[in-house]
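Structure, as structure tokens:
The values are calculated or read from the model by the stated rules, or taken from the named source; none is laboratory data. Predicted model only: the values in this text are computed from it and were never measured. Note that each Cβ is placed from the backbone with ideal geometry, even for glycine, and that neighbours are counted across all protein chains shown. Surface areas here come from the heavy atoms of the whole protein model, side chains and all, with no ligands, DNA or RNA. Shrake-Rupley method; radii C 1.70, N 1.55, O 1.52, S 1.80 Å.
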Amino acid sequence: MAVGINGMGRIGRLALRAAMGGARREDTDPNRDNRLEIGHVNEIAGGAGTTAHLLEFDSVQGRWRSDISAAGEDSLFIDGRKIGFTDAASPGDVAWGDFGCDIVLECTGRFRTVDQLQPYFERGVKRVIV
């Protein structure tokens, strides 16, 4: 099961860090190695290069010491794992299901009502977490 993230502002970046191991966990934490598979991210501002830079250098969380880069404008690489990238303004413009995303984290704060979230489901998503 892959997870998608719509919106790579503060919440989206923190969610991605936590999902991929960028958040520091104590050695005694029994869930330390639990990770989510991130299949795709969508961010309208700045493009893939800017998103990669903001993921690596966070003014609050500190530097994420992983190999992070953008491959053109359609993907990010984090520790060798490819993550799809788009810059669509509407969730209905992203083929979430084609990227294998069963769940999407809606991190923009713009889409909150049932009607606004419907395009996710039309594009193959089973659940949206707002």
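Structure notes:
- Qualifying residue in segment 22-33 (condition: modelled with pLDDT of 95 or more and over 12 Å from Asn6 (Cα atoms)): no
- Any chance Leu105 is open to solvent by less than 40 Å² (accessible area, probe 1.4 Å) and either assigned to a loop (DSSP other than H, G, I, E, B) or farther than 13 Å from Tyr120 by Cα (or both): no
- All conditions in (1) open to solvent by 30 Å² or more (accessible area, probe 1.4 Å); (2) outside any helix (DSSP H, G or I); (3) within 24 Å of Met1 (Cα to Cα) hold for Phe85, with the sole exception of (1).
- Candidates Gly100, Gly109 - the one that is within 19 Å of Glu37 (Cα to Cα) and touching a residue at least 40 places away in the same chain (Cβ under 8 Å): Gly100
- Of the numbered criteria (1) modelled with pLDDT of 95 or more; (2) under 21 Å from Ala48 (Cβ atoms); (3) not hydroxyl-bearing (Ser, Thr, Tyr), the one Pro91 fails is (1).
- Within segment 119-130, considering residues that are farther than 21 Å from Leu14 by Cα and in contact (Cβ under 8 Å) with a residue 12 or more places away in the chain, the one surrounded by the most Cβ atoms within 10 Å (Cβ to Cβ): Tyr120
- Near pairs, Cβ below 6 angstrom, 6+ apart or cross-chain, from segment 67-87 (more than 12 Å from Gly39 (Cα to Cα)) to any residue that is of a type in the set (Gly, Ala, Ser): Ile68/Ala52; Ser69/Ala52; Ala70/Ala48; Ala70/Gly49; Ala70/Ala52; Glu73/Gly47; Glu73/Ala48; Asp79/Ser66
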